[in-house]
1. Which percent, nearest 5, of DSSP beta bridges in the chain are antiparallel?
2. Would you calculate the convex hull of the Cα atoms in the range 136-251 and tell me its volume per residue in Å³?
3. What FRET efficiency, computed as 1/(1 + (r/R0)^6) with R0 = 51 Å and r the Cβ-Cβ distance, is obtained for R219 and L282, rounded to the nearest 0.05?
4. If we count every other residue with Cβ under 12 angstrom of E41's Cβ, Lys/Arg +1 and Asp/Glu -1, where does the sum land?
5. Report the relative contact order of the chain, percent, no decimals, based on alpha-carbon pairs under 8 angstrom and at least 6 residues apart.
6. When only Cα pairs under 8 Å and 6 or more residues apart are kept, what is the percent relative contact order across the range 15-137?
7. Kirkwood Rh over Cα pairs of the chain into Stokes-Einstein at 10 °C, 1.306 mPa s: D in µm²/s?
8. Given the DSSP H assignment, sum -39500 (n - 2.57) over each helix run of at least 4 residues in the chain and divide by its residue total; what's the result at 222 nm in deg cm²/dmol, nearest 500?
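Every read-out reported here was derived from the displayed coordinates using simple, explicitly stated rules and does not represent laboratory data. For clarity, every value in this text was computed on a predicted model and none was experimentally measured. For neighbour counting, all protein chains shown are included, and Cβ atoms are generated from backbone atoms with ideal geometry for every residue, glycine included.
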Amino acid sequence: FGRRLHYLRLSITDLCNLRCAYCMPPEGIAKLPHDQVLNLEEMARVARVAVGLGVDKIRLTGGEPLLRRGLARLLAELAAIDPRPDLRLTTNGLLLAEKLPLLLETGVSTVNVSLDSLDPAVYGQVTGLGAEAGAKALDTVWRGIEAALECGEMAVKLNVVLLGGINEAEITDFAKLTMELPLAVRFIEYMPVGRNTPFQPARFLAAEEVLRRVGRMGRLEHLPARPGDGPAQRLRLAGAKGELGVISALSSHFCATCNRLRLSAEGKLVPCLFSELAVDLLPILRRGADDSELAEALLQAARLKPREHDQAPVNAHAAGCFMSRLGG
Ligand code: SAM
Ligand code: SF4
């Protein structure tokens, strides 16, 4: 379909220290048995073969990637791939301040911090921590964000899942952050992905609504897409230090420009977030297949990538795999 897949998202663990309402049930989900999770060597090998096929951008995600034991070794192995891919990471930010030196050492270029509320009570509600622990955690996450901004060596993005009736009143507060801070705030439509938590259509809020509300705050300039950019539509409020983004997976599809493949923690290479299709790399890796067989499996996943998904706000239906094992 004329798409170049050059972006690999590696879910490096199924474990998480939060229970975000749209991602995990409050009691969590069964942990994968140790031997069903790819080990660090296997992940690094898939990454190396993918780079050999033209992947130039790798994002670590999870679960919570900063919880992964051996993260330092994995990052070092990924950074040593020739040509070196652009390394990025998506995190809930709880361990960001602590792990920042490691991320800087290995040259992680961009950190995306998932933060759905600036209000301690709402943050505690969305993450399942409750009011008291939520307030403390929000402080910790914010310290991590500040440290990442202060180091001046990495781009910082905040990912905000839009949740009608929960955080929608904070759209303008998030947008205001970009006036003072050189970060990107990206509003992401709530998606019916993952089989851990039932989709709640009443919580869906279209990205359009963000544009309407932010548009009332001042002049909004549309920023041009850069080569290799993801699906975010980029905007800037007049005079702002940072920028805004909206990611409208449901209300307006960006499938025609989708450039990614996802590797789940258990080794399933997933061509589309909304599809059940996957190529299981675990048996291939463990039966001692050589790099050319592995490369063929990656190409097979690329060929399986559907032209587009069939989800829309009015016909949203649960799809895909366990989000906390696949990484959003
Ligand atoms: N734990 C890390 C974090 O939260 O950033 C990385 C994994 S998390 C699964 C990756 C991203 O997926 C997060 O930004 C999260 O908000 C998003 N996500 C999870 N479930 C979602 C859903 N149902 N709709 C939209 N985004 C979702
Ligand atoms: Fe929240 Fe990310 Fe953990 Fe899911 S994996 S519960 S989105 S922190």
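1. Within the chain, antiparallel bridges account for around 25 percent of the total.
2. Each residue corresponds to 134 Å³ of Cα convex hull volume.
3. 0.50
4. +2
5. RCO, the chain: 21 percent.
6. 26 percent
7. Rounded to a whole number, D works out at 79 µm²/s.
8. Using -39500 (n - 2.57) per qualifying helix, the result is -9500 deg cm²/dmol.
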